[in-house]
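Notes follow once the structure below has been shown.
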Amino acid sequence: MGLSEEEMCIWTPNEEPGWDALEAAKIVLWHGYCSVHRRFTIEQITEMRMENENALIVVHPECRDEIVAAADAVGSTEFIRNYVADQPEGSVIGVGTEINMVKRLDAKYPNKSVTCLDPLVCPCSTMYMIHPMYLLDVLERIIAGEIPNQVKVPAETSAKAKLSLDRMLSIRN
């Protein structure tokens, strides 16, 4: 994703990171993971390639390191959408990300075979919160003067959070 491992530092709650590592880091990562992206395995990639030797594998960067290394391409949700769009008709593409996105890509490109690496992966409940019907409900409630699920944080915390977000958004590939 454009940074070496030395340029990244993983922060773990209740664990003192070395200050040298923090100061040298271009980005400090949270010690966490996405349960959906953790489900993908080398065996799934191997099986897909055994079924079709020309299969292309594209995965989200939140997959385990060995999955990222075994893939033909790795990138954000937008990157995956563009990668699938750019492949020629007849391509077989195994995707390592949330199942509903994979299904949308497969429906959008009927002349390509777009499948999820894990056929048993469950939909991501967090990503489901941006489902169009859920968003419609939230927007209608805002129009009615209600602010659903509003989160309030102290000003000091929000200032630090804004600084972090600004720094993340300034990173370009």
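Each value in this text was obtained by applying a stated rule to the coordinates, not by laboratory testing. Since this is a predicted model, take the numbers as computed values, not measurements. Note that each Cβ is placed from the backbone with ideal geometry, even for glycine, and that neighbours are counted across all protein chains shown.
How far apart, in nanometres, would the label points at residue 131 and residue 54 be if each is projected 7 angstrom from Cα along the Cα-to-Cβ direction?
3.7 nm
If I model a spin label as a point 7 Å beyond the Cα along the Cα-Cβ vector, how far apart are those points for residue 107 and residue 81 in nm?
Each label point is offset 7 Å from its Cα along the Cβ direction, giving 1.5 nm.
Taking only the C-alpha atoms, wrap a convex hull around region 37-123 and report its volume per residue in Å³ as a whole number.
81 Å³
Count charges around residue 45 for me, please; just the other residues with Cβ under 13 Å from its Cβ, Lys/Arg as +1, Asp/Glu as -1.
-4
How would you rank 36-46, 101-111, highest first, on the average number of other Cβ atoms within 10 Å across their residues?
The peptides rank, most packed first, as 36-46, 101-111.
Work out the FRET efficiency for residue 157 and residue 66 from their Cβ-Cβ distance, taking R0 = 35 Å, and round it to the nearest 0.05.
It comes out at approximately 0.45.
What's log10 of I(q)/I(0) for the chain at q = 0.11, 0.13, 0.18, 0.20 Å⁻¹, Debye sum over Cα points only, no solvent?
So the normalised log intensities work out to -0.64, -0.85, -1.23, -1.32.
Apply the Karplus curve 6.51 cos²θ - 1.76 cosθ + 1.60, θ = phi - 60°, to the phi angles in region 56-66 and return the couplings in whole Hz, x for Gly and Pro.
9, 10, 10, 9, 7, x, 7, 5, 4, 3, 5
Estimate the FRET efficiency between residue 3 and residue 144 by the formula 1/(1 + (r/R0)^6), using the beta-carbon distance for r and 45 Å for R0, to the nearest 0.05.
0.55
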